[in-house]
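As structure tokens, the structure follows; a few thoughts come after it.
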Amino acid sequence: MLKGGRLLERLPLCGDRPGIAYSGTVLLCLIAFLLRYIALTALPIGYPYVSFFPAVTVATFLFGWRCGVLASVLCWFAAWFFFTPPFDTVKFSTELVLPFLFYTLVVAIDITLVRWMQLANRRLAEERERSRQLAERSETLFRELQHRISNNLQVVAGLLALQRRNVGDEKAKAALDEAARRISLVGRIHRHLHDPSGEQLRLGQFLRQLSADLIDTNGRPGISCTVEGDETIMLQADEAVPVALIVVEAISNAIEHGFAHRTWGVIAVDVSRNTKAIELTVTDNGEGLWEGFDLATHQSLGLRLTQMLARQLGGEFILTGTAGGTMAKLILPR
């Protein structure tokens, strides 16, 4: 008997305890006999099997076709001996052949149909169990794949960091450092993308995990990062990496430039939406942008990459100074 399945898929019952099954069958036949006996005065002569058909069907349904055959024999004998005139005697007559054949045909059809239903339910349960096992195996393989990808990216980042030691040019060192940091970042993002079903991710929860990881990686305990806003906003799995890269770039810029000369600071990430777009805003209370800053003409690789990713998502990236720091905003069409 399959464990944890629905009742219909567990039928027939007591397959490993035939004594209980046959005892239950006899009990059902006794109940049918009592009901027919109680209705003896209410029913006209000629309906000896009327209460026994349900007993055969229920016995087959609950305990299997063998118990159904036993019930059909017991019920036929009870109807033939006790409720077919002359009563309480052994009788043989050609008039009894037709009712007997009708009874046999009906119970045979009932037993066959119930048996087919039980076989179909059993196959369905077995297929569901196989599907569950395949899903678990796929999820395990997916998680292992994500883990290996993340580890491989970390290895590549480490190799770039080692290669930096053999480079004398400062610009080349900075480029290698930046490449290693970004590869390491993509590896950390992959650790959060662990849903093998490809379902949508909760944007707020995803960013909360990502920002905490980023603050911890930068080793700046005096800087706090909060994520607030609409918790119902969902993100497609294939959009997670570009959105994460944009947010991480904004947070990294705040840490690296906004708090370059301070050991403390506050970064706030807000997620909201209106009828046309989803807005993701990153603000900080750091030193702000320098005078004359223009995002369109800035040569920073990180900011150019951020704008390219925003366009890839069909959205827009804005970076402006505020009275108390800097605000980066990503606008995504709904």
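Quick notes
- No other residue among ALA125, ALA179 is touching a helix residue (DSSP H, G or I) at 6+ places or on another chain (Cβ under 8 Å), closer than 30 Å to ALA212 by Cβ and part of a helix (DSSP H, G or I) apart from ALA179.
- Cβ-Cβ distances below 8 Å connect the following pairs, each with a first residue in region 83-102 that is without any contact (Cβ under 8 Å) to a residue 12 or more places away in the chain and farther than 14 Å from TYR49 by Cα, a second residue that is among the hydroxyl-bearing types (Ser, Thr, Tyr) and in a loop (DSSP other than H, G, I, E, B), and a separation of six or more residues or different chains: LYS91/THR84.
- Region 204-245 - residue that is among the hydroxyl-bearing types (Ser, Thr, Tyr) and within 28 Å of the chain's Cα centre (by Cα) and, of those, surrounded by the most Cβ atoms within 10 Å (Cβ to Cβ): SER211
- Taking residues in region 214-243 that are within 17 Å of LYS329 (Cβ to Cβ), and partners anywhere that are of a type in the set (Lys, Arg), the pairs with Cβ atoms closer than 7 Å and at least 6 places apart or on different chains are VAL227/ARG208; ASP230/ARG273; ILE233/ARG273.
- All of ARG273, ARG304 fail the test of being more than 35 Å from the chain's Cα centre (by Cα) and among the basic types (Lys, Arg), apart from ARG304.
- Filter pass, GLY314 being in the same structural domain as GLY222 (by TED's automatic domain parsing) and at pLDDT below 85: no
- Any hit, region 139-161, residues being buried (at least 18 other Cβ atoms within 10 Å of the Cβ), β-branched (Val, Ile, Thr), assigned to a helix (DSSP H, G or I) and out of contact with any strand residue (DSSP E or B) (no Cβ under 6 Å at 6 or more places or on another chain): no
- Residue in region 102-116 that is over 54 Å from the mean Cα position of the chain (by Cα), in the same structural domain as ASP16 (by TED's automatic domain parsing), under 30 Å from TYR22 (Cβ atoms) and assigned to a helix (DSSP H, G or I) present: no
The values are calculated or read from the model by the stated rules, or taken from the named source; none is laboratory data. Bear in mind the structure is a predicted one, so any value in this text is a computation, not a measurement. Here the Cβ is made from the backbone with ideal geometry for all residues, glycine too, and neighbour counts use every protein chain on show.
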